[in-house]
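Asks: Here it is, the structure, as structure tokens.
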Amino acid sequence: MTFYMKPPRGNIALHILHKCVKQRFEFLSTLEDGKMEIPEDFQYLIDGTPMDRAGHFLLRLLSLSSTSFSQFFLKKETSLFVNRLNKLNYTEVTNMLKILYKHIQETMQLMTDSSLDYCKFLQTLKHICKDLLKREKIFHTFNDIHSENCSDFVDDFPFTMCLPLVRTREVELSYGECIVPCGKWKEFLKIIFELHLQFGMRHLHTTGCFQQALDDFRIYHLGKELGRSFPKQININIETTSRPSSVMTSTQQINFPPCMRHLYQTLHSRHRLSHEARRQFTLFLKDAGMPIEEALTFWEKEYSKNREGCKSGCTHSWQKDARRYRYSIRHMYGLEGGRYTYRVATCNAMQDHTLRVDKVIDFLE
């Protein structure tokens with residue numbers, strides 16, 4: 001069984017990809033209350049195969065189109081994971097954990113711009129796999145007669161990895177660690193899987209992969225087709241014009257809120273913004289979906305030009321201070337420093353900031 005740590009490699013015919021995604025989508029829609037009905041044609045749902053992984057990763061990408069679709073995807077994929085886990089014997093669980101351990105090592109070696117929280121999560125998950133792989137624990141826990149109330153084996157895990165168990169008081173806490181008995185290990189693996197999906201979706205959103213994928217008309221039309229067949233209570237919002245790019249169009253600028261449109265017009269005319277204005281506009285573009293690569297290109301284009309009518313006395317330029325600006329932009333995207341998730345200020349916070357006399361000039365100049 002796979003944790004979907006790595007996407008598949010190779011080529012796939014477009015009509016096969018459509019069938020793969022549709023079959024998985026329809027199958028997930030039928031999952032209710034832990035019950036799983038296997039369709040007659042399930043060749044694209046065989047666990048761990050390239051088709052299974054292709055369907056999962058493309059649906060994960062498309063789930064970023066709306067909050068309701070993201071929630072649907074998390075809930076249904078986790079439910080599928082639980083159903084599969086309950087049918088594994090100790091040998092199959094051992095193989096799953098070994099593959100997961102290997103994929104974590106490979107992922108950590110390739111990571112260059114992941115968040116600090118995700119790095120810590122992977123490091124912790126690696127230790128968990130190593131601990132659970134002890135033969136006596138696997139053999140004892142993952143069999144048909146093992147009770148959920150059993151506590152013959154216990155392990156200590158960080159409480160942040162067990163929040164649902166802490167919330168329902170199913171585990172004990174000791175110095176920031178959860179003491180999880182073996183009867184709760186299947187539930188613990190379910191929590192870990194859901195956390196992994198959340199981190200993966202957050203990473204896709206940060207890098208702007210969703211809008212980049214929609215630039216491919218084949219993926220765009222697939223998303224539109226799913227949107228037409230999706231339940232009415234869940235929205236799939238597949239649009240290609242919602243993401244600002246390094247080359248702004250008049251349509252995109254019209255859709256900006258007035259404060260951000262003013263900042264863009266000021267930047268476009270003066271080719272400079274004050275520190276706080278530049279910070280808020282960068283965060284706005286990030287939250288609107290601009291990928292880090294395009295953000296760097298956008299600011300390089302503006303700050304490489306000569307200042308015109310800027311009264312702030314700024315003497316910086318991209319040619320002279322590129323390293324400083326690159327670090328600042330990557331920091332706001334959560335890729336440098338403490339790797340925090342920054343958000344643009346709310347309207348109320350923006351108004352409060354600009355209405356203070358000592359801040360008006362700093363924001364608008």
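The values are calculated or read from the model by the stated rules, or taken from the named source; none is laboratory data. Please read these numbers as outputs of a predicted model, since none were measured by experiment. Note: ideal-geometry Cβ built from the backbone for every residue, glycine included; neighbour counts use all protein chains shown.
Asks: Can you find even one residue in the stretch 197-216 that is surrounded by 15 or more Cβ atoms within 10 Å (Cβ to Cβ), under 22 Å from the mean Cα position of the chain (by Cα), assigned by TED's automatic domain parsing to the domain that holds Asn89 and at positive phi?
Replies: yes
Asks: From (1) assigned to a loop (DSSP other than H, G, I, E, B); (2) crowded, with 17+ Cβ neighbours inside 10 Å, pick out the condition that doesn't hold for Leu100.
Replies: (1)
Asks: Of all the helices (runs of 4 or more DSSP H) wholly in the stretch 210-282, which have at least 2 residues that are among the aliphatic types (A, V, I, L, M) and at pLDDT 85 or above?
Replies: Once the helices (runs of 4 or more DSSP H) in the stretch 210-282 are filtered for at least 2 residues that are among the aliphatic types (A, V, I, L, M) and at pLDDT 85 or above, what remains is 258-270.
Asks: Identify, please: which residue in the stretch 134-161 is modelled with pLDDT under 90, of a type in the set (A, V, I, L, M, F, W, C) and in a loop (DSSP other than H, G, I, E, B) and is, among those, nearest to Leu88 (Cα to Cα)?
Replies: Phe142
Matching residues to (1) under 23 Å from the mean Cα position of the chain (by Cα); (2) of a type in the set (Gly, Ala, Ser); (3) at pLDDT below 90; (4) surrounded by fewer than 18 Cβ atoms within 10 Å (Cβ to Cβ):
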{"position": "Ile12", "(1), (2), (3), (4)": "no, no, yes, yes"}
{"position": "Ser29", "(1), (2), (3), (4)": "yes, yes, yes, yes"}
{"position": "Gly34", "(1), (2), (3), (4)": "no, yes, yes, yes"}
{"position": "Tyr44", "(1), (2), (3), (4)": "no, no, yes, no"}
{"position": "His56", "(1), (2), (3), (4)": "yes, no, no, no"}
{"position": "Leu62", "(1), (2), (3), (4)": "yes, no, yes, no"}
{"position": "Thr67", "(1), (2), (3), (4)": "yes, no, yes, yes"}
{"position": "Phe73", "(1), (2), (3), (4)": "yes, no, no, no"}
{"position": "Lys87", "(1), (2), (3), (4)": "no, no, yes, yes"}
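Asks: Moving on. Does the stretch 108-123 hold any residues that are crowded, with 17+ Cβ neighbours inside 10 Å and among the polar types (S, T, N, Q), and which are they?
Replies: Answer for the stretch 108-123, where residues must be crowded, with 17+ Cβ neighbours inside 10 Å and among the polar types (S, T, N, Q): Ser114, Ser115.
Asks: Looking at Leu28, is it of a type outside the set (Asp, Glu) and not in a loop (DSSP other than H, G, I, E, B)?
Replies: For Leu28, the condition - of a type outside the set (Asp, Glu) and not in a loop (DSSP other than H, G, I, E, B) - is met.
Asks: Which numbered condition trips up Met350, out of (1) within 30 Å of Leu61 (Cα to Cα); (2) at pLDDT below 80; (3) of a type outside the set (D, E, K, R)?
Replies: (1)
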